[in-house]
Amino acid sequence: MRSGFNLAAFKTPLFFLATCLVIGVVWHLLIKVFAIPPYLVPEPPTVLEGALANSGVLASRTAFTLTSGLLGLALSTVLAAAVAGLYVAFPRAEQASMPIVLAFRSAPVAAVAPIIMMMLGRGISASILVVVIVSIFPLLINLMRGMRAAEPTTLELLHVYNASIWQQLRYVRLPSAMPYLFTGLRIAGTTALLGAMLSEWITGSRGLGLLILDSGEMRDIALLWAAVLLSILLALSMFWITSSLEQRLSRWRRVGAAGLSS
C-alpha cells in the first residue's frame, strides 16, 4: 500500500531551495572576505528588498520578455519544422538555400536589430522577430537530423504502399525527430530569452533587458541585480521545463514500445 506522501515530488524544489541558500551564503562570504563595496555587489538581503519593493515593475517587465520570448520560440519552432521537412523531402532545396540560411545566421544580431526596429517599430513584434533569428537555427539543424534518423525499413514500407512525401513526414519523420526537437529547444529556449533581452536593449522595448539597462544607469544596484538574477532564473526554468518534457516523452515512447512488443 502506497503512502500518501510522495518524497520524490519534493526533491526538485528542496534541491532548488538548498542551492539558493548555498549561493546566498557564498555570496555573503565573498563580499565580506574581499570587502566588495555595496555599489558594485550588494548583500543578498538588499537584493531581496529591492525585488520586493519593485515587484510590480519586475512582474510587468518579466511578462513582456516572456511573451516575446515564448511567441518567438513558438514561431521559430513552426518555421524550423516546415523548413526541415522541405529540406529532407527535397535535398536540392537545401543545397540551393542553405548558404543563404547560414549567411543569415552569421549576421550579428546587434547589427540586424536596428534595421528590424526601423521596419517594425519598438513594439513586441520587433522583439519576436529577433528571437526567431537567434533561435531558429539550432531547431532547424536538430529537426533535420531527427527526420533523417527515421527507420529506413519503415520508410521503405511506406514507399511500397505509395505513401506521399507528406505522409512520410507526418507518420515517420516527425515522430522520429521529436527527441531531437527537445534537444534543440534546450538550446533555443535560453537563447530566445537572451535574444528578447538584447532586442529590448537596442529597441527600448519595456522588458527585463531595458530594466537592467535603466537600473544600471540610475545606479539602482539592488534592482539591477534583482533583474539580472530573475533573467538567469527564467533561463534556467526554460532549460528545466524542456528537459522535463523530453524525459516524459522518452518515458511515453518506452511505454508505447513495450506495449507494442508485448
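Tabulated values for the structure
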read-out: Modelled FRET efficiency - R0 22 Å, residue 241 with residue 145, Cβ distances, 0.05 increments; value: 0.50
read-out: Using θ = phi - 60° and Karplus 6.51 cos²θ - 1.76 cosθ + 1.60, couplings along the stretch 42-50 (whole Hz; Gly, Pro as x); value: x, 5, x, x, 5, 5, 5, 4, x
read-out: Over the stretch 110-211, relative contact order from alpha-carbon pairs under 8 Å, at least 6 apart, %; value: 41
read-out: Relative contact order (percent, whole number), the stretch 193-242, Cα cutoff 8 Å, 6+ residue spacing; value: 26
read-out: Integer Hz, Karplus 6.51/-1.76/1.60 couplings in order for the stretch 244-250, x for Gly and Pro; value: 5, 5, 5, 5, 5, 4, 4
read-out: Extension gain from residue 94 to residue 52, taking 0.36 nm per residue of separation minus the Cα-Cα distance; value: 10.0 nm
read-out: Dipole of the chain, positive direction: furthest Cα of 44, 222, 65, with charges on the beta-carbon; value: 65
read-out: Structure-derived Cα Rg over 2.2 N^0.38 Å: which label, when the choices are [x] 1.25; [y] 0.98; [z] 1.08; value: [x]
read-out: The chain, helix-only ellipticity at 222 nm - DSSP H runs n ≥ 4, -39,500 (n - 2.57), divided by all residues, nearest 500; value: -28500 deg cm²/dmol
read-out: Label-point separation in nm, residue 229 to residue 120, each point 7 Å along Cα→Cβ; value: 3.2
read-out: Residue 164 versus residue 18: modelled label distance in nm, points set 7 Å from Cα along the beta carbon direction; value: 5.5
read-out: Residue 74 paired with residue 178, simple spin-label distance in nm, labels 7 Å along Cα-to-beta-carbon; value: 2.0
read-out: Percentage relative contact order, the chain, counting C-alpha pairs under 8 Å, at least six apart; value: 24
read-out: Formal net charge of residues neighbouring residue 204 (Cβ-Cβ distance under 13 Å; K, R +1; D, E -1); value: 0
read-out: J(HN,Hα) series, the stretch 116-128, from Karplus relation 6.51 cos²θ - 1.76 cosθ + 1.60, nearest Hz, glycine and proline x; value: 5, 4, 5, 7, 10, x, 9, x, 6, 5, 5, 5, 4
read-out: Listed residue (171, 159, 239) projecting farthest to the positive dipole end of the stretch 58-253, Cβ model; value: 159
read-out: Computed magnitude of the charge dipole of the chain (debye, nearest 20; Cβ of K, R +1, Cβ of D, E -1); value: 740
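Read-outs throughout are calculated quantities, based only on the coordinates presented, and are distinct from any laboratory measurement. Nothing here was measured: the structure is a model prediction, and the numbers come from that model. Cβ coordinates were reconstructed from backbone atoms using ideal geometry, including for glycine residues, and neighbour counts include every protein chain displayed.
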